Structures are given as C-alpha cells and as structure tokens.
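The values are calculated or read from the model by the stated rules, or taken from the named source; none is laboratory data. What you see is a predicted model, and the numbers here were worked out from it, not measured in a lab. Note that each Cβ is placed from the backbone with ideal geometry, even for glycine, and that neighbours are counted across all protein chains shown.
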C-alpha cells in the first residue's frame, strides 16, 4: 500500500512554544519535565507496580489480588478488590476538614444559586440511594437519568454508585425516540427526570418527553421527577413519584456497598453515528482511579481551587470532570445549568467573576463562539482569579488557542489541550501544566501510564516527524471501556479489528520532532485529494486564522478528476459581510498558509454550523449536504434543527 493512501498528510505548521511559568511549576503536583519522565518511565518499565502505587490514593474495603488480567481485548483491573465510587467521592472526606467544604456550587440559568458541602451532599446521596432501594432497585440494576444540569443529577449518579446500580445518563434534550433506544437497550427499571429545565430563557419540558418515551419502554417500573421549573406535568399514579416527597420519607443513613472492582458503574451511549447507539460500559475501580489521577495531574487541582468544567453531565466529560474526578479529589466543582449567551454573551465571564473560578475547562466550539461574540464581553469582567485553562471535545486550532490564552487567560494561564474519548474514560494526551511547554493546537504528550503510537493501516509504526497516521493505544489502561453493552462482537469489531493487536481510536494524528502529538480529526473526516490524504482540522485551522472567520468546517464531496473536492462551510465574525470577493480571499489564504493542494474548491457562508448537543460539529451531515444536498443519516443528536434547514435551503437556491 502506498504511503499516500496509508498515512494522513500534515499541512499545518506551528512553531510557537510557551514554557510553564516558574511560579506555576514551583507549586505544581508535577513540576518539571524530569518529574514527568520519571513517572512515564516507571509506568513503562513496571506498569503493574506503577498502577498499584497509584491505586493507593483510593479507599479500598478489600485490596485487590491481581493488578491486571489481560485477555485481549478484555481487561480486569484490580481483580478481587472491593471499593465504592460514592464512598471515595464523599465518605472519606467526612473525616477531614473537607466535611464542611463546598463540594458543589450550582447556578441555575435564571440566576438561583445553591451550595452543597460534602456533608450535605453525602446526606442527599444517602437519601436518594434509599429512595432507589425502596423502588426495588438492587445491585446490578440499570437506572436511566434524564435531567437538566442540576445538583440532583450528581446526587442520583452517586446514589446509584452507592448501592451498586448502574446508571445510564441520557442528555436532557434528546428526543423520546432516543430515550426509548437507550432505555430498552440497557433494560432500565427506573427513569429519573425533571418537570423541565432552562435553556436560553425557555423551558425544556423533560417530563413530557419522558411520558412519550415510556409508552415504548416495557422494563421501566417507576419514574422519579425532580421539581425544577414548577410547570404542570402529568403524574401517572403508581408509576410517577416526586423526588422531594420520596426523600422526606427515608433515612439519611445508607452505608456504601462493597463492590467488586469490575462492577459496572455506568453505561453511556455514544452519539453522532448512524445505526443503533453504542452503550459504552465503564466499571468501578479502574475508571475512578484514572478520573481521580487525571483531574489532579492535568488541572493541577489544589484544595483552595474553585474548578469549573462547563460540560453537561450527559456527556462523558461531565461524568469524569464535573462529578467523579473532582469529588474524589475533595474539590469544589461548579455546575451551571444554562447557555453561555443567556441573557447576554458574557454569562460565563460573569460566573467566573462571581465565584472566583480558578480552573476553567471548556470546548473549542465554545471558544470559537466567544471569539465570534467579541472580546468586549470578556474584558467587562475581572477574570484575575483564573490560573489554568483547558479545552476538550475536539482539536483546537492555533488561533483560537492564542485568543483563549491572551483574552481569557490574560497571557498568564497555562492551557491544557486534552485528547480523550467516551471510550477511554479519561484524558489520555495532555500537557501537565507545571511540566510541559505547550504549543498552540497540540495536545502535547501522553500521560504517564498511557502508551500511544501512530501507525499505518497495516500496523507499521509511523516514525517520520510530522507524518500523519492512525492514533492507537498499545497497552491496556485502567479506565478503558470494557465492552459495548450487550454486544461484545461489536466491541471487538469497532475498536480492535482495524489494526491487529491495538486499540484504534478512530482519530488521525501526527507526531512532531519533539514527540508532541497533533490530533488531525476523525479519520472518516480525511479528504483524499489527488491521492493526498488531508486532515480536515488543519484546513479548518488555516481558515480560522483569517481575521474574518469565526468558525469553519471542511468536508469532502465527490470529484471525478481529483477523487474528492474540498468544501468549506464558514461562519464569519459578527460584523463581517459575505461576498464572492471574500470567498476568493479565503481560498487564497488557505493556499498561502498550507499549500495549493488544500485550497477549498467551494466556500459556503453560513450563520451557524450543525452541532451535537455536546458542541461537536456534525461533519457527516455537512458531507451529505455537500455531496447530495440531502440528509439521510441519524439526526437525533443535533442541537438546532433550524441550522440544518437553512443549509438545505441554501442548497436548493
């Protein structure tokens, strides 16, 4: 197989480097490149000893017998051990000064605020755990959670973990059909929802959607409803129950179950692909260990920090870095219910200023929205409390990275650009802010204990600096998915069959001469132009580096001569107007930045791009529009259907 069809060509060049400030490194958990190399070498040379030492940071009812049992592609971590995620996140802090420390600070979109200390959170979790038991939920049963971003969602997660029920969180915005698919696949006995939630000033009526879904979910016996908005809802006698009424009838004492290390903690369904959703299964000890370690290492988490990850808990980022990782570290985690631009585009900056947030972790798609809205919304607020910034969800283009650093971080905050997936459970590649010099757009290096590589499709290592290929993980890690719920054959096929003997992440990447990794996007987003395989992220980065462009998405369309043509969907900065002259200017700009090969064949201006509810651009839909003008695939995860309709209308004009 020729290299042109085996590897992904890199056309992005970035030379800027930002070393950690000495003052930051001095106080960091991992404070130098030497510290990083020591941990990395320990994990590589004696992995089981390394993971055993790390696992000592958790509480165990019974220590494990074996660190790792590996029968590829199936892993058992800390086999024979007994622990509990809820105990690690709550009970062990109650014997320390953290007992009365804020565990969760919550702000609702209308402006309400609640704070729960570790003691208060523990009581609420125990009460709801007893509510679930009264509903007949037992160890191993599945519970679906379909809620807005309110404290009760974290309480319900921790209550499930406390009694050994497996939770399946469904983002509070999915349709009834999406709920039916997920609830039936997992065989959930209980659904927990709310009357509604708030988003951009409007009520999202969750109970109505659940009522429709429950017509097609035969395994569900009970529906527990949180009163959030106060709107009138239908309550079916015998099936539906108010959360607050049930909580008044039970004890606040519920000892944590001593669970096997491999007990199923949660099922989370991946989105954005056609066909049946994949229920990613994560288990107890290994998942918690990696969420715990990565939260401490990557965010350099300190006891005095107020930490804010903006992700919804309906996505894996919210599981790992809003709830489980921060709470296991005894941190104060902030939750915000609503949209970043409600009532005005400075809502996030108001929250940071009000709560003196120190660590801010958000998505590149949000950062690009901030850029589009304008830095005047940022400069209105005192963000001097910030000491660390992070990005998650997709590759960030260098110019957005620089804007984030300079405008939000005031040029003083390190940025941790993190790469990971629902399937990995936790961050895999990221700077360590006290140890790693950063480069705009690079996730830098794998964390200690994580062995990644770049390979050709035939399984050969790509050794040339800057040459793209397939990003793989070569050694099992504690938080890895265990299987796809109810479909182990699909698990083997989806993750372990592409390249023999390794986990294939689905992403393309390159490694530069310093050993830094640059994520080039999903390999199914690669464009084959005249025999050259180009990653879409790099072309998008070139477009966004133009002063007129706020956001861009690049896809392929069939081309008889070149194989594929390049179509760019472009959103402009707020004050810029569309024109044919600007289209040509942008095409020339891409050619100048990264070469004529990457010059878009067509540029289409659009007010917005189709995104999932977690903020990822749905390039699959754009490919269908660019190729045929129609969309036939799954759109259940699309946030705003009007965006798609406008794009279709443009196609018809």
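Could you tell me whether residue 211 is modelled with pLDDT under 95 and surrounded by fewer than 24 Cβ atoms within 10 Å (Cβ to Cβ)?
Details: modelled with pLDDT under 95: no; surrounded by fewer than 24 Cβ atoms within 10 Å (Cβ to Cβ): yes.
Here the answer is no, as residue 211 does not meet what is asked.
Quick one: residue 123 ticks every box in (1) outside any strand (DSSP E or B); (2) out of contact with any helix residue (DSSP H, G or I) (no Cβ under 9 Å at 6 or more places or on another chain); (3) without any contact (Cβ under 8 Å) to a residue 60 or more places away in the chain bar one, so which box is it?
The number of the failed condition is (3).
Can you tell me which residues in segment 175-200 are over 18 Å from residue 111 (Cα atoms) and in contact (Cβ under 8 Å) with a residue 60 or more places away in the chain?
Those that are over 18 Å from residue 111 (Cα atoms) and in contact (Cβ under 8 Å) with a residue 60 or more places away in the chain: 175, 177, 178, 181, 182, 185, 186.
Among the residues of segment 533-562, which ones are farther than 16 Å from residue 395 by Cβ, outside any strand (DSSP E or B), modelled with pLDDT under 90 and in contact with a strand residue (DSSP E or B) (Cβ under 7 Å, 6 or more places away or on another chain)?
562
Considering every residue within segment 412-429, establish whether at least one is more than 30 Å from residue 50 (Cα to Cα) and surrounded by fewer than 21 Cβ atoms within 10 Å (Cβ to Cβ). It would help to see each step written out before you state the result.
Quick first cut of segment 412-429, residues more than 30 Å from residue 50 (Cα to Cα) only: 412-413.
Restricting the remaining residues to those that are surrounded by fewer than 21 Cβ atoms within 10 Å (Cβ to Cβ) gives 412.
Within segment 412-429 (the criterion being more than 30 Å from residue 50 (Cα to Cα) and surrounded by fewer than 21 Cβ atoms within 10 Å (Cβ to Cβ)), the answer is yes, since at least one residue qualifies.
So, in segment 369-382, of the ones that are part of a helix (DSSP H, G or I) and touching a helix residue (DSSP H, G or I) at 6+ places or on another chain (Cβ under 6 Å), which residue ends up modelled with the lowest pLDDT? Step through it out loud before you land on a result.
As a first pass, look at segment 369-382 and keep what is part of a helix (DSSP H, G or I): 369-373, 376-379.
Okay, now just the ones that are also touching a helix residue (DSSP H, G or I) at 6+ places or on another chain (Cβ under 6 Å), so 371, 378.
On the way: 371: 91, 378: 98.
Among those that are part of a helix (DSSP H, G or I) and touching a helix residue (DSSP H, G or I) at 6+ places or on another chain (Cβ under 6 Å), it is 371.
Checking the conditions here, which among 445, 439, 474, 457 is touching a helix residue (DSSP H, G or I) at 6+ places or on another chain (Cβ under 9 Å) and surrounded by fewer than 18 Cβ atoms within 10 Å (Cβ to Cβ)? I'd like the intermediate steps shown before the answer.
Details: 445 fails: surrounded by fewer than 18 Cβ atoms within 10 Å (Cβ to Cβ); 439 fails: surrounded by fewer than 18 Cβ atoms within 10 Å (Cβ to Cβ); 474 fails: touching a helix residue (DSSP H, G or I) at 6+ places or on another chain (Cβ under 9 Å).
Residue meeting the stated conditions: 457.
Residue-by-condition table, conditions (1) in contact with a strand residue (DSSP E or B) (Cβ under 7 Å, 6 or more places away or on another chain); (2) closer than 15 Å to residue 75 by Cα; (3) crowded, with 24+ Cβ neighbours inside 10 Å:
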position	(1), (2), (3)
254	no, no, no
260	yes, yes, no
266	yes, no, yes
284	yes, yes, yes
293	no, no, yes
298	yes, no, yes
304	no, no, no
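Are any of the residues in segment 205-215 more than 30 Å from residue 347 (Cα to Cα) and in a loop (DSSP other than H, G, I, E, B)? Let's see the steps before the verdict.
The first filter runs over segment 205-215 and keeps only residues more than 30 Å from residue 347 (Cα to Cα), leaving 211-215.
Right, trim to in a loop (DSSP other than H, G, I, E, B) and you get none.
So far as segment 205-215 goes, no, none of its residues is more than 30 Å from residue 347 (Cα to Cα) and in a loop (DSSP other than H, G, I, E, B).
Look at residue 139 and say whether it is touching a helix residue (DSSP H, G or I) at 6+ places or on another chain (Cβ under 9 Å), in a loop (DSSP other than H, G, I, E, B) and surrounded by fewer than 20 Cβ atoms within 10 Å (Cβ to Cβ). So that I can check it myself, show each step before the final result.
On the way: touching a helix residue (DSSP H, G or I) at 6+ places or on another chain (Cβ under 9 Å): yes; in a loop (DSSP other than H, G, I, E, B): yes; surrounded by fewer than 20 Cβ atoms within 10 Å (Cβ to Cβ): yes.
Criteria met by residue 139.
Output the residues belonging to segment 578-610 that are surrounded by 20 or more Cβ atoms within 10 Å (Cβ to Cβ) and in contact (Cβ under 8 Å) with a residue 60 or more places away in the chain.
Hits for segment 578-610 are 594, 598, 600.
Taking the options 401, 373, name whichever one is surrounded by 23 or more Cβ atoms within 10 Å (Cβ to Cβ) and closer than 29 Å to residue 618 by Cα. Don't jump to the end; show me each part of the working.
Working: 373 fails: surrounded by 23 or more Cβ atoms within 10 Å (Cβ to Cβ).
It is 401.
Select from segment 181-202 the residues that are touching a strand residue (DSSP E or B) at 6+ places or on another chain (Cβ under 9 Å) and modelled with pLDDT under 95 and list them in ascending order. Don't jump to the end; show me each part of the working.
From segment 181-202, those touching a strand residue (DSSP E or B) at 6+ places or on another chain (Cβ under 9 Å) are 181-183, 185-198; that's our starting set.
The answer is 181, 182.
Inside segment 563-577, can you point out the residues that are surrounded by 13 or more Cβ atoms within 10 Å (Cβ to Cβ) and either assigned to a loop (DSSP other than H, G, I, E, B) or on the phi > 0 side of the Ramachandran plot (or both)? Full working, then the answer.
First, the residues of segment 563-577 that are surrounded by 13 or more Cβ atoms within 10 Å (Cβ to Cβ): 563-573, 576.
Residues satisfying the conditions are 563, 573, 576.
Does segment 222-237 contain at least one residue that is surrounded by fewer than 20 Cβ atoms within 10 Å (Cβ to Cβ), within 21 Å of residue 165 (Cα to Cα) and in contact with a helix residue (DSSP H, G or I) (Cβ under 9 Å, 6 or more places away or on another chain)?
Scanning segment 222-237, I find no residue that is surrounded by fewer than 20 Cβ atoms within 10 Å (Cβ to Cβ), within 21 Å of residue 165 (Cα to Cα) and in contact with a helix residue (DSSP H, G or I) (Cβ under 9 Å, 6 or more places away or on another chain), so the answer is no.
Could you pull out the residue among 501, 521 that is part of a strand (DSSP E or B) and either within 30 Å of residue 71 (Cα to Cα) or under 22 Å from the mean Cα position of the chain (by Cα) (or both)? Can you show your working first?
Working: 501 fails: part of a strand (DSSP E or B).
When all the criteria are applied, what remains is 521.
Restricting attention to segment 76-97, does a residue exist that is under 30 Å from residue 343 (Cβ atoms) and in contact with a strand residue (DSSP E or B) (Cβ under 7 Å, 6 or more places away or on another chain)?
Checked segment 76-97: no residue is under 30 Å from residue 343 (Cβ atoms) and in contact with a strand residue (DSSP E or B) (Cβ under 7 Å, 6 or more places away or on another chain).
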